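Take a look at the structure set out below.
The values are calculated or read from the model by the stated rules, or taken from the named source; none is laboratory data. Model, not experiment: these values are computed from the prediction. Using ideal geometry, Cβ is built from the backbone for each residue, glycine included, and neighbour counts are taken over all protein chains shown.
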Amino acid sequence: MGGISGDHFQRIYRERAEDYDRLVAAEDADGRLLPAIERVAPRLDRVVEVGAGTGRITRLLAARGAAVVAIDHAPAMLRVARRHLPRAALVVADAAALPVADGWASAAIAGWVFGHQRSWNPEGWRHSIGRCLDEMARALAPGGVSVVIETLGTGCETPRPSPELAEVHAWLESERGFARLELRTDYQFASAEEAARLCGFFFRDDFGGRLRLPECTGLWWRCGSGPSS
């Protein structure tokens, strides 16, 4: 996401939720994401999800029987999510004010959310992300786990995040006490035309219409409830 203006993604989340949903449906073709989440957060009975988007993680969690409260700031994204999950608790809310009680959740998950703050709030991203992390921690029961998922690079075989995202990742580890797990969540498209169209609108790079597009993903986790320093 480095090098693309924050306004580009904000417009997509407001105006092109359907296309976004088609794009992310092609990601994680080998089904590696949920096992990675389960590895670091084995208790997924009650989950608060930050930045649920169109519900790609929500659907994985609901399918394994988790009770999920999923929030997003973009109503258009949640309208698509609600079509997939008509009975789910999907709420338009601020990540710094989660609509759950203290200690409610066994896990708090933020997928592909905080990296945007680096461009949307270049001077104050540490403070804004920190508030959200503290709010996730507040929602956790004793022994609960906070999980942050972010890209480590699209179209590359090994992790290659932008310098801006790498700065966020390093801050999570050195200042907020998160550990990191790396995995591949490659895209698989049905046709070259679909690949070029969906990648072009989101990444502003059609990657040559590749049917199989490498995606490196990072999963950061931290155990414990209550604000961290």
Among the numbered criteria (1) at pLDDT 95 or above; (2) closer than 19 Å to Thr217 by Cα, which single criterion is violated by Met77? (2)
So, in region 33-66, of the ones that are touching a Ser or Thr at 6+ places or on another chain (Cβ under 6 Å) and part of a loop (DSSP other than H, G, I, E, B), which residue ends up nearest to Leu133 (Cα to Cα)? Ala52
Considering each of Gly144, Gly103, Gly177, Gly153 in turn, give the residue that is part of a strand (DSSP E or B), farther than 25 Å from Asp7 by Cα and of a type outside the set (A, V, I, L, M). Gly144
Name every residue in region 67-80 that is in a loop (DSSP other than H, G, I, E, B) and surrounded by fewer than 18 Cβ atoms within 10 Å (Cβ to Cβ), in order of residue number. His73
Select, from Arg118, Arg14, Arg32, the only residue that is charged (D, E, K, R), in contact with a Leu (Cβ under 6 Å, 6 or more places away or on another chain) and closer than 27 Å to Asp206 by Cα. Arg32
Just one of the numbered conditions (1) in contact with a Cys (Cβ under 8 Å, 6 or more places away or on another chain); (2) in contact (Cβ under 8 Å) with a residue 40 or more places away in the chain is not true of Arg180; which one? (1)
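Would a scan of region 33-43 turn up a residue that is in contact (Cβ under 8 Å) with a residue 60 or more places away in the chain, small (Gly, Ala, Ser) and over 25 Å from Leu213 (Cβ atoms)?
Yes, region 33-43 contains at least one residue that is in contact (Cβ under 8 Å) with a residue 60 or more places away in the chain, small (Gly, Ala, Ser) and over 25 Å from Leu213 (Cβ atoms).
Each row is one residue, and each column tells you yes or no for (1) modelled with pLDDT of 95 or more; (2) under 26 Å from Trp221 (Cβ atoms); (3) within 16 Å of the chain's Cα centre (by Cα).
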position	(1), (2), (3)
Met1	no, yes, yes
Ile4	no, no, no
His8	no, no, no
Leu23	yes, yes, yes
Leu33	yes, yes, yes
Glu49	yes, yes, yes
Val68	yes, yes, yes
Ala81	yes, yes, yes
Looking at region 181-195 only, could you name the residues that are within 21 Å of Ala36 (Cα to Cα) and surrounded by fewer than 16 Cβ atoms within 10 Å (Cβ to Cβ)? Leu181, Glu182, Gln188
Any residue in region 157-171 that is modelled with pLDDT of 95 or more, among the β-branched types (Val, Ile, Thr) and either in a helix (DSSP H, G or I) or surrounded by fewer than 18 Cβ atoms within 10 Å (Cβ to Cβ) (or both)? yes
Here are some residues: Ala95, Ala137. Which one is among the small types (Gly, Ala, Ser), more than 17 Å from Gln10 (Cα to Cα) and not in a strand (DSSP E or B)? Ala137
Check region 101-115 and report whether any residue there is touching a Phe, Trp or Tyr at 6+ places or on another chain (Cβ under 9 Å), within 20 Å of His8 (Cβ to Cβ), touching a residue at least 40 places away in the same chain (Cβ under 8 Å) and not charged (D, E, K, R). yes
